[in-house]
Amino acid sequence: MVYVLNHNGEPLMPTKRFGKVRRMLKNKQAKVVRRRPFTIQLTYETTNYVQPVTLGVDAGYQTVGFSAVSENEELLSGECHLLIGMRERLKERAMYRKQRRSRLRYRAPRFDNRRRSEGWLAPSIQHKLDSHVRLVELVKNLLPVQKIIVEVANFDIQAIQNPEVAGTLYQQGEQLGFWNLREYILHRDHHQCQNPHCKNKSVHPILQVHHIGYWKGDRSDRPGNLVTLCDKCHIPASHQLNGFLYGWEPKVKSFRPETFMSIVRWRLTQLLGGAATYGYVTKHVRIQHGIEKSHANDAFIIAGGHYPTPHRSLCPPAGAPEQPEP
C-alpha cells in the first residue's frame, strides 16, 4: 500500500498501483516524503475526492493497536510499543537537577511558585497520553480519517447496574461507596483467599475484605491496605497477638496500569473528539467472526471492520477446543 498526499500535503486515498507510482516518481509528478510507511506527495493539482475512513484505537499501557478501515478494506494497521520505565527516568533527571542546583552559592527559594493548571496529569501519565495522540496524528497525516473510535474500558459496570445510566448518573451510585471498593479488591485478588495456608475447602467460600494494617492502627480504606480473605481465615482469633493476621503484611497486586489507562483512555476521547466503545463489544465481534486476539486485530474490530483480509489471522473453526485468551 502506497499512501498519497496532494500537493498541499493533505491525505488522499492510498493506492496499490505500484507501476503507476514508479512512473509518477520517474516523471517528477510525485516525490517521496516518507519511507515507512511509503508515502508520496503529488507535485500537481488534483481532485480531493476521498472515501470515509474510520480509525480504531486499542489503547494500552505498553502496546497500542491501531487500524484504519474504509467501507471495503483495511488501509493501515499495526501495533505501537510505548516507552517503559518513564518513572525511573524522571527520578534520575530529578536527582541530577538537585545535584546541579546544590552546587550554586545561592539560589532563591522557588518551592512555592509552581501552579498546576486545570487538567494537570502526572508526567508518567502525560507521556502515555501524548504517545497515543502522536500516533493518531501520524495516521491522520497519512489517511483522510473522518471518525475515531477508542476502546475506553473492558466493561461498563454502571450500565450493568442501570442500562439507562447517562451523564451525571456516572458520578453517583455505587462507585461512591465502599461496596465499589470491595468489588475492586475482590477483582484484584481474583476472588480468592490470599492466605497462603488457607484450609477452606468450600466450593463457594464466603469472601471478606481485611484491613492489613489494623494491628498498627492503619484502618484506612486505600486499596494497598485491603486484601481478600475467606470467612474461615478472617476470624477474631486470627486478629489476636498470636494470630497469623497480627503483623502479616502481604504484598498486594498493583493496578497501576489499569489506573493509568482509565485516565488516558477517557482523556484521549476528549482530546480527539472520538467515540468510545468497550472491550466486551470488541470481544463479542472478534469471536463471532473468528478473528485471532491481538492489539491490531482488536483495533480492526473497534474501527468497524469485520470483513476477511489476506493477512488477518483466524481462530480455529467452530467446534475446536477453545484456547484461553491471552
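The values are calculated or read from the model by the stated rules, or taken from the named source; none is laboratory data. Keep in mind that this is a model prediction, so the values were computed, not measured. Here the Cβ positions follow ideal geometry from the backbone for every residue, glycine too, while neighbour counts run over all protein chains shown.
Looking only at helices (runs of 4 or more DSSP H) that fall completely inside the range 202-295, which ones have 1 or more residues that are within 30 Å of LYS147 (Cα to Cα) and of a type in the set (S, T, N, Q)? Spell out the reasoning first.
Working: elements: 236-239, 256-272, 279-288.
So the answer is 256-272, 279-288.
Taking first residues from the range 1-12 that are under 16 Å from LEU75 (Cα atoms) and partners that are of a type in the set (D, E, K, R) and surrounded by fewer than 17 Cβ atoms within 10 Å (Cβ to Cβ), the Cβ contacts under 9 Å between residues at least 6 apart in sequence or on separate chains come to MET1/LYS16; VAL2/LYS16; VAL2/ARG17; TYR3/ARG34.
Conditions tested, residue by residue: (1) part of a strand (DSSP E or B); (2) over 19 Å from TYR61 (Cβ atoms); (3) modelled with pLDDT under 75.
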position: CYS80; (1), (2), (3): yes, no, no
position: GLU88; (1), (2), (3): no, no, no
position: GLU92; (1), (2), (3): no, yes, no
position: ARG97; (1), (2), (3): no, yes, no
position: TYR106; (1), (2), (3): no, yes, yes
position: ARG110; (1), (2), (3): no, yes, yes
position: ARG114; (1), (2), (3): no, yes, yes
position: LEU121; (1), (2), (3): no, no, no
position: GLN126; (1), (2), (3): no, no, no
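The residues of the range 261-298 that are within 21 Å of LEU82 (Cα to Cα) and among the small types (Gly, Ala, Ser), listed by number, are SER262, GLY279, SER294, ALA296.
Please determine, by comparing only the residues of the range 211-225 that are closer than 13 Å to LEU181 by Cβ and touching a residue at least 12 places away in the same chain (Cβ under 8 Å), which one is farthest from the chain's Cα centre (by Cα). Lay out the reasoning, then the answer.
Pass one, the range 211-225, residues closer than 13 Å to LEU181 by Cβ: 211, 220-225.
So of that shortlist, the ones also touching a residue at least 12 places away in the same chain (Cβ under 8 Å) come out as 211, 221, 223-225.
Working: HIS211: 30, ASP221: 26, PRO223: 21, GLY224: 22, ASN225: 26 Å.
Looking at residues that are closer than 13 Å to LEU181 by Cβ and touching a residue at least 12 places away in the same chain (Cβ under 8 Å), I get HIS211.
Look through the range 204-238, keep the residues that are in contact with a Gly (Cβ under 9 Å, 6 or more places away or on another chain) and among the polar types (S, T, N, Q), and return whichever of them is nearest to LYS251 (Cα to Cα). Looking at the filtered set, the residue picked out is ASN225. Return yes or no: is VAL4 exposed (fewer than 13 other Cβ atoms within 10 Å of the Cβ), modelled with pLDDT of 95 or more and touching a strand residue (DSSP E or B) at 6+ places or on another chain (Cβ under 7 Å)? No, not satisfied. Does SER77 meet the test of being without any contact (Cβ under 8 Å) to a residue 60 or more places away in the chain, in contact with a strand residue (DSSP E or B) (Cβ under 9 Å, 6 or more places away or on another chain) and assigned by TED's automatic domain parsing to the domain that holds ILE149? No: the conditions fail for SER77. For the range 10-24, indicate whether the set of residues that are outside the structural domain of LEU272 (by TED's automatic domain parsing), more than 30 Å from VAL281 (Cα to Cα), surrounded by fewer than 16 Cβ atoms within 10 Å (Cβ to Cβ) and aliphatic (A, V, I, L, M) is non-empty. No: zero hits.
Tallying residues that are closer than 16 Å to VAL139 by Cα and among the small types (Gly, Ala, Ser) within the range 1-25 yields 1.
The residues listed here are VAL69, VAL50; of these, the one that is crowded, with 18+ Cβ neighbours inside 10 Å, in contact (Cβ under 8 Å) with a residue 24 or more places away in the chain, closer than 23 Å to GLY274 by Cα and not polar (S, T, N, Q) is VAL69.
One residue is enough: does the range 176-194 have a residue meeting the conditions at pLDDT 90 or above, of a type outside the set (Ser, Thr, Tyr) and surrounded by 15 or more Cβ atoms within 10 Å (Cβ to Cβ)? Step through it out loud before you land on a result.
First pass over the range 176-194, keeping only residues at pLDDT 90 or above: 192-194.
Next, only the ones that are of a type outside the set (Ser, Thr, Tyr) stay: 192-194.
From what's left, surrounded by 15 or more Cβ atoms within 10 Å (Cβ to Cβ): 193-194.
The answer is yes, given that some residue of the range 176-194 is at pLDDT 90 or above, of a type outside the set (Ser, Thr, Tyr) and surrounded by 15 or more Cβ atoms within 10 Å (Cβ to Cβ).
Name the residues in the range 48-78 that are of a type outside the set (Asp, Glu) and outside any strand (DSSP E or B), would you? Please lay out each step first, then the result.
Of all residues in the range 48-78, those of a type outside the set (Asp, Glu) come to 48-57, 59-70, 72, 75-78.
If the condition is that a residue be of a type outside the set (Asp, Glu) and outside any strand (DSSP E or B), then ASN48, TYR49, VAL50, GLN51, PRO52, ALA59, GLY60, TYR61, GLN62, SER70, ASN72 are the ones that fit.
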